[in-house]
Amino acid sequence: MVNDSQVRDILVERCRNGDRLAFRQLYDQYAKAMYNISLRMLGSQMDAEDVLQESFIQVFTHISGFRGESSVGAWIKRIVINQCLNQWKKKKISWIAMDESSEFPEEEVMDEGEFTLAVDRIKETIQQLPDQYRIVFNLYLLEQHTHREIADLLGISESAAKTQYHRARKKIMQLLQIKEMDLTSPS
């Protein structure tokens, strides 16, 4: 019996041999998840669609270089994240200057029970973050990169990555509290 990883290996091999149907199957298997990553990071449907297209062009162009050191999904995800970062560089997003001496705890303990919000509302709030906050927040919390990895990806210090993440969390909490007040105030 053939398992899922063997099926993906066969699919990758077919792609390496120029099989157009295999390219389509690979795209169909990963496009939705990769689009969602792009949309979360970029906050714009149009930009996310552009990144998805550019990413799969890179995947198909460089499939012969895929060494199988990670899963093909992880490899595609890395390409998508890099394309998102390139998109930001094109738009020349400026990073807020950080006080390098700022100290932040590695993880703050939050009472999760206080915030029972709908997923759509949280997503909407994340999209309201300034770009530099949103990218670090998504890379750390949703894509599970370390602060060191984020710093390397973005060309900033680890302290700046931590600062951006903590400021993003603070901004999200502020936005959610503002929304709470808006919902509870009489019309």
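Return the pairs, sorted by first residue and then second, in which the second residue is small (Gly, Ala, Ser) and assigned to a helix (DSSP H, G or I), the first residue lies in region 140-151 and is over 21 Å from residue 33 (Cα atoms), the beta carbons are less than 8 Å apart, and the residues are 6+ apart or on different chains. From region 140-151, the pairs are 147/161; 148/161; 151/160; 151/161. Which members of region 26-74 meet the condition of being of a type in the set (Phe, Trp, Tyr) and not in a helix (DSSP H, G or I)? Selection gives 66 alone. Just one of the numbered conditions (1) crowded, with 16+ Cβ neighbours inside 10 Å; (2) touching a Phe, Trp or Tyr at 6+ places or on another chain (Cβ under 8 Å); (3) charged (D, E, K, R) is not true of residue 49: (1).
Comparison of 22, 31 shows that the only residue that is touching a Phe, Trp or Tyr at 6+ places or on another chain (Cβ under 8 Å), on the phi < 0 side of the Ramachandran plot and not assigned by TED's automatic domain parsing to the domain that holds residue 136 is 31. Has region 3-18 got any residue that is in contact with a Cys (Cβ under 9 Å, 6 or more places away or on another chain), surrounded by 14 or more Cβ atoms within 10 Å (Cβ to Cβ) and not assigned by TED's automatic domain parsing to the domain that holds residue 123? The answer is no, given that none of the residues of region 3-18 is in contact with a Cys (Cβ under 9 Å, 6 or more places away or on another chain), surrounded by 14 or more Cβ atoms within 10 Å (Cβ to Cβ) and not assigned by TED's automatic domain parsing to the domain that holds residue 123.
Taking region 139-153 as the range and being modelled with pLDDT of 85 or more, surrounded by 15 or more Cβ atoms within 10 Å (Cβ to Cβ) and assigned to a helix (DSSP H, G or I) as the test, the residues that pass are 139, 140, 147, 149, 150, 151. Hey, among the residues in region 19-43 that are without any contact (Cβ under 8 Å) to a residue 24 or more places away in the chain, surrounded by 15 or more Cβ atoms within 10 Å (Cβ to Cβ) and within 16 Å of the chain's Cα centre (by Cα), which one's nearest to residue 76 (Cα to Cα)? It comes out as 35.
Taking region 18-59, which residues are modelled with pLDDT of 90 or more and hydroxyl-bearing (Ser, Thr, Tyr)? Matches in region 18-59: 27, 30, 35, 38, 55.
The values are calculated or read from the model by the stated rules, or taken from the named source; none is laboratory data. Because the structure is a prediction, the values reported are computed rather than measured. Heads up, the Cβs are rebuilt from the backbone with ideal geometry, glycines too, and the neighbour counts pull from every protein chain shown.
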